[in-house]
Structures are given as C-alpha cells and as structure tokens.
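The values are calculated or read from the model by the stated rules, or taken from the named source; none is laboratory data. What you are looking at is a predicted structure, and each value in this text was computed from that prediction instead of being measured. Positions of Cβ are backbone-derived with ideal geometry, glycine not excepted, and every protein chain shown enters the neighbour counts.
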Amino acid sequence: MKRWMLILLVASLGSVAWADSARQDSIERLQLASDVVHQIMSAPDKGIPEEVLDNAKCIAVVPRLIKGGFIFGGKHGRGVATCRTPAGWSAPAFISVAGGSFGLQIGAEGVDLVMLIMNDKGMQQLLTSKFQISGEGSAAAGPVGRHASAGTDWKLDTEMLTYSRSKGAFAGLTLEGAVVRQDIDSTIAIYGKDVPFRSILLGKVSAPASTRAFLQSVSDAGRQARALEVRQEEQK
C-alpha cells in the first residue's frame with residue numbers, strides 16, 4: 001500500500017512540475033510574441049504596411065521559428081493567434097507550425113514568423129485547428145514598407161500573407177507545405193483544459209490575465225504605426 005501511495009505521489013508531483021513548466025513556457029511565448037508585434041511597428045518603413053494590418057481578419061505570431069537543415073530543410077515553431085470579433089480581438093489560441101521543404105539548406109536559423117489571415121476563407125481554414133498551407137493563392141509573401149503598393153494583389157484572393165524577421169529585418173516569407181495546428185499542451189497550460197480552438201478564436205472564451213499583454217500589443221499595432229507616421233511627417 002505504501003509503495004502504491006509513493007508511486008501516486010511521485011506521479012502527482014511530476015504532473016504538477018510538468019504543468020508549471022508548460023505554463024511558464026507558454027507565458028514566455030506570449031511575451032516573445034508581444035515583443036515581435038511591437039518591433040514590427042517600431043520601423044514602419046521596413047515593417048508590415050498599416051493598411052495590411054488594418055484589413056487582417058486574424059494575426060498569428062510564431063517567435064523563434066526554427067528553419068534549416070542539411071539537404072532536406074524544415075520548419076518548426078510554436079506561437080499564438082488571435083482573430084477579430086465584434087467585441088475586439090479574441091483570446092489567443094496556441095498554435096504549432098511544422099513543415100518541410102526540399103533544397104540545399106545548410107545550418108539552422110531562428111526567425112520570427114508573422115501570419116496575417118486576410119479573408120473569410122483563410123479564417124475558416126484557421127478555425128479548423130489543423131490545415132496545410134498549399135500555395136496557389138492560399139498564402140503569399142506579404143508586402144513590406146510604410147504602405148502597400150496599389151498594384152499588389154494582397155486585397156484579392158490571397159488567404160494569408162506571411163512575413164519573417166531575421167536579425168531585425170522583416171521580409172516576405174513563403175511557407176508552402178507547412179502545417180498549422182492547435183498546440184493542445186499550451187492550451188491546457190493556460191486555459192486549464194483543452195478548450196476548442198474554434199471557440200477561442202471566435203471570441204467565446206475570456207482571455208486569461210496572462211494573455212492580455214499580447215492582445216494589447218496587437219490592438220496597439222495599427223495605432224502605433226499611424227502615430228509613428230504622423231511624427232515622421234512633422235519632422236520633415
């Protein structure tokens with residue numbers, strides 16, 4: 001009996017330790033994602049155009065996406081996503097991104113990934129909790145700069161615009177073949193249970209206190225870009 005009690009105690013302590021570690025990791029990811037959003041908007045001439053952000057249905061941020069390999073390349077990372085709702089941005093849903101590519105790639109590189117869902121079709125894909133980025137209009141490297149060029153087709157049929165940041169510089173990024181899915185472990189760590197992905201992104205779940213800094217950074221992103229533009233115009 002004592003032996004079984006000891007086994008149960010050890011298992012319980014291990015479970016608590018895992019939960020604490022998973023929660024801390026998820027909170028750190030939220031902070032890193034907030035930092036990425038702030039840094040995007042701190043240099044509007046080299047970041048995501050404000051009108052692109054203003055028209056996005058959802059935004060997903062994957063800090064420190066690992067990409068690279070030898071001969072066979074790959075990508076893997078975990079991040080957070082939020083979608084617009086009538087009441088504002090939804091509570092963040094935790095995601096993972098994984099996918100392979102073929103080509104001569106030597107070494108590994110950590111980049112920050114930003115994905116903007118631009119229309120209802122793309123949003124419905126995201127709400128499925130698992131989808132593959134297939135190309136052919138479903139995803140494209142996003143425009144970079146103070147304003148999106150009127151000649152670009154980002155307002156047409158593109159479901160998702162993707163960006164990467166490496167060593168401080170943002171650029172468009174292609175992610176064809178990558179799979180985006182719900183990160184269930186992080187969801188449980190922050191929400192206390194496996195909350196349906198769709199419920200979170202449709203605004204049916206309240207945002208925990210630990211997620212509010214990230215949501216604030218997303219809410220502030222467009223206003224920050226416009227404020228910077230006004231200041232730069234005044235200095236001319």
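The residues on offer are S21, S12, and the sole one that is modelled with pLDDT of 75 or more and either surrounded by fewer than 15 Cβ atoms within 10 Å (Cβ to Cβ) or in a strand (DSSP E or B) (or both) is S21.
Please work out if V195 is under 16 Å from V80 (Cβ atoms) and without any contact (Cβ under 8 Å) to a residue 12 or more places away in the chain. It is true that V195 is under 16 Å from V80 (Cβ atoms) and without any contact (Cβ under 8 Å) to a residue 12 or more places away in the chain.
Those residues that are buried (at least 23 other Cβ atoms within 10 Å of the Cβ) and at pLDDT below 85, I need them from the range 32-51; list them, please. Matches in the range 32-51: I40, G47, I48.
Count, please, the residues in the range 179-193 that happen to be over 11 Å from F94 (Cα atoms) and either crowded, with 17+ Cβ neighbours inside 10 Å or of a type outside the set (V, I, T) (or both). Working first, answer last.
First pass over the range 179-193, keeping only residues over 11 Å from F94 (Cα atoms): 179, 192-193.
Checking the rest, the ones that are also either crowded, with 17+ Cβ neighbours inside 10 Å or of a type outside the set (V, I, T) (or both) come to 192-193.
Total satisfying the criteria: 2.
Only one of the numbered conditions (1) modelled with pLDDT under 80; (2) surrounded by fewer than 11 Cβ atoms within 10 Å (Cβ to Cβ) is not met by A87, and that is (1).
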